[in-house]
Amino acid sequence: MNVIEPKVIHDFQDVIRGSEVNTSVKLYQDAKGFYRTESALADDTLMYEVYHYTQGDDKRAGNLNWGLTVLYPVLVNGECNMTRGHWHENRKCVEFYFCIAGEGLLMLMDEDGTTWAEKTYPGSLHHIDGHLAHRLINTGEEPMKIGACWPCDAGHDYAAVERQPFGYRVYKEEGTLRFEKVED
Ligand code: F6R
Ligand code: MN
């Protein structure tokens, strides 16, 4: 029997490594529109990184992506750093998130705009139904690392979240969280 090395290493102390791992970076200049106000943060401030990996056809139904988001502890005029947030284009596609490091919130919104959040901390596991928009928010003091597994044919529907934004914004003021309701 031939025994070979794995193609990819997900080092929980670090990131996902392997020649076929895709990496994307979100800087403040790409993320300005997510926050209620603009801040004096440098345009090249690193907000988050996304690593993802699959093997074979990356659109084939039944195939899976494995991923990692590293979301940095940045405040934008007091508003906690967050991912852009999306529904899956294919609303049948569920996703698992799991927290490896840091602490924060997984904000969820149904198609009526009802918004709530699950706490994320090392070991927390989150099943995200296909009809829920999802966004990560770092409320802690260290990089928040969230692993993920989702179907390759899920797609990302960002436009729907622009039409119907998440119902709350999350601020951290003198160490205390404040949730601000977004008015329609
Ligand atoms: C994939 C998924 C994550 C996010 C990542 C960045 O379906 O949910 O890999 O893509 O956390 O968030 P967005 O894509 O909303 O900027
Ligand atoms: Mn997703």
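The values are calculated or read from the model by the stated rules, or taken from the named source; none is laboratory data. Everything numeric here is computed off the predicted structure, so don't read it as measured data. In this analysis, Cβ positions are derived from the backbone assuming ideal geometry, glycine residues included, and neighbour counts consider all displayed protein chains. Note: accessible area is taken over every heavy atom of the protein model, side chains too, but ligands, DNA and RNA are not part of it. Shrake-Rupley method; radii C 1.70, N 1.55, O 1.52, S 1.80 Å.
Of the residues in region 57-76, how many are modelled with pLDDT of 95 or more, over 21 Å from K7 (Cβ atoms) and part of a loop (DSSP other than H, G, I, E, B)?
Counting residues in region 57-76 that are modelled with pLDDT of 95 or more, over 21 Å from K7 (Cβ atoms) and part of a loop (DSSP other than H, G, I, E, B) gives 3.
Going by what's in this entry, would E95 be described as of a type outside the set (V, I, T) and away from ligand 1 (no atom under 13 Å from the Cβ)?
The answer is no for E95.
Taking the stated definitions as given, is V25 without any contact (Cβ under 8 Å) to a residue 60 or more places away in the chain and within 20 Å of G147 (Cβ to Cβ)?
Considered against the rule, which asks whether it is without any contact (Cβ under 8 Å) to a residue 60 or more places away in the chain and within 20 Å of G147 (Cβ to Cβ), V25 comes out as yes.
For residues that are within 12 Å of ligand 2 (Cβ to nearest atom) and among the charged types (D, E, K, R), scanning just region 106-140, find the one that is most open to solvent (accessible area, probe 1.4 Å).
D129
Pick from N77, N81, N65: which is open to solvent by less than 20 Å² (accessible area, probe 1.4 Å), farther than 21 Å from D157 by Cβ and not aliphatic (A, V, I, L, M)?
N81
Answer yes or no: is there a residue in region 11-34 that is under 24 Å from Y158 (Cα atoms), part of a loop (DSSP other than H, G, I, E, B) and not β-branched (V, I, T).
No, region 11-34 contains no residue that is under 24 Å from Y158 (Cα atoms), part of a loop (DSSP other than H, G, I, E, B) and not β-branched (V, I, T).
Is it true that E118 is away from ligand 1 (no atom under 13 Å from the Cβ) and in contact (Cβ under 8 Å) with a residue 24 or more places away in the chain?
It is false that E118 is away from ligand 1 (no atom under 13 Å from the Cβ) and in contact (Cβ under 8 Å) with a residue 24 or more places away in the chain.
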